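The values are calculated or read from the model by the stated rules, or taken from the named source; none is laboratory data. Only a predicted model underlies this, so the values are computations on that prediction, with no experimental measurement involved. As a convention, Cβ positions derive from the backbone with ideal geometry for all residues, glycine included, and neighbour counts pool all protein chains shown. Each accessible area value is taken on the protein alone, full model and side chains, heavy atoms only, with ligands, DNA and RNA left out. Shrake-Rupley method; radii C 1.70, N 1.55, O 1.52, S 1.80 Å.
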Amino acid sequence: MDQRTYNQYCATARTLDLVGERWTLLLIRELLTGPKRFGDLQGSLRGLGTGLLAARLKHLEREGLAHKVTLPAPARTPAYALTEAGRELGPAVFALARWGTKWAMGERRPGEAFHPGWAVLAMEAFFDPEAAAGVRAGYEFRVGEHVFHVRVDDGTVDAGHGPAEHPDAVIETDEDVFAALADGRSSLADQIASGAASASGDQDALRRLGALFRRPSPAVRVPGQGA
């Protein structure tokens with residue numbers, strides 16, 4: 001597959017030469033949370049065909065943004081992981097997530113895929129280090145079949161897939177309710193009060209949750225139109 005180029009001696013243009021093709025940044029998004037098998041990537045990126053996924057992964061490998069690894073036991077299966085250069089795209093992806101939450105999200109459209117695991121990166125993107133100064137707490141989220149966790153440690157955050165080790169608080173709900181939380185239509189407190197979600201563990205840790213992770217308020221790009 002020929003690589004298209006903007007043919008500009010500019011850092012922004014050169015970066016877009018590498019990651020500007022359709023699906024490429026979303027592959028980076030998936031790999032920012034850790035190594036993924038080919039099938040894992042297919043499951044998270046519905047609509048991306050097998051052939052195009054293989055081509056995009058080869059492009060990332062060729063350009064030094066991703067490489068093949070073998071997952072540790074008990075899996076011991078081939079997977080893809082980001083290189084140092086690929087991982088350093090993380091802040092750019094977080095910035096796009098914050099911008100998109102404010103200016104592009106709006107309501108969920110019919111047919112749009114939603115994956116609760118995408119919240120792993122959202123938690124890092126929306127994390128407020130100042131609010132987390134001196135705070136140490138671990139949270140586990142159980143959303144349908146998906147489990148992920150967040151650990152806050154004195155102004156730093158570490159989010160990942162899978163259960164937390166000794167969580168201070170556990171939040172549980174289904175995918176539809178979590179999607180409503182993700183787009184700001186509802187609050188966790190409201191969903192807990194209605195019984196659509198449950199929370200257990202340290203009550204102080206639960207109360208801090210909203211201050212630690214601040215979702216940007218939606219804004220309208222064009223006067224008179226929705227976001």
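Provide a single number: the residues in segment 1-55 that are outside any loop (DSSP other than H, G, I, E, B), small (Gly, Ala, Ser) and within 21 Å of Pro78 (Cα to Cα).
6
Among the residues of segment 132-163, those that are in a strand (DSSP E or B), surrounded by fewer than 20 Cβ atoms within 10 Å (Cβ to Cβ) and not basic (Lys, Arg) comprise His146, Val147, Asp153, Thr156, Val157, Asp158, Gly160, His161.
Quick check on segment 101-115. Is at least one of its residues at pLDDT 95 or above, on the phi < 0 side of the Ramachandran plot and open to solvent by less than 20 Å² (accessible area, probe 1.4 Å)?
Kept after step one, since they are at pLDDT 95 or above, are these residues of segment 101-115: none.
No: zero hits.
Answer yes if at least one residue in segment 29-50 is within 22 Å of Gln3 (Cβ to Cβ), over 20 Å from the mean Cα position of the chain (by Cα) and surrounded by 15 or more Cβ atoms within 10 Å (Cβ to Cβ), and no otherwise. No; the residues of segment 29-50 include none that is within 22 Å of Gln3 (Cβ to Cβ), over 20 Å from the mean Cα position of the chain (by Cα) and surrounded by 15 or more Cβ atoms within 10 Å (Cβ to Cβ). For segment 199-221, state whether one or more residues are within 16 Å of Glu107 (Cα to Cα) and free of Cβ contacts under 8 Å to residues at least 12 places away in the same chain. The answer is yes; a qualifying residue exists.
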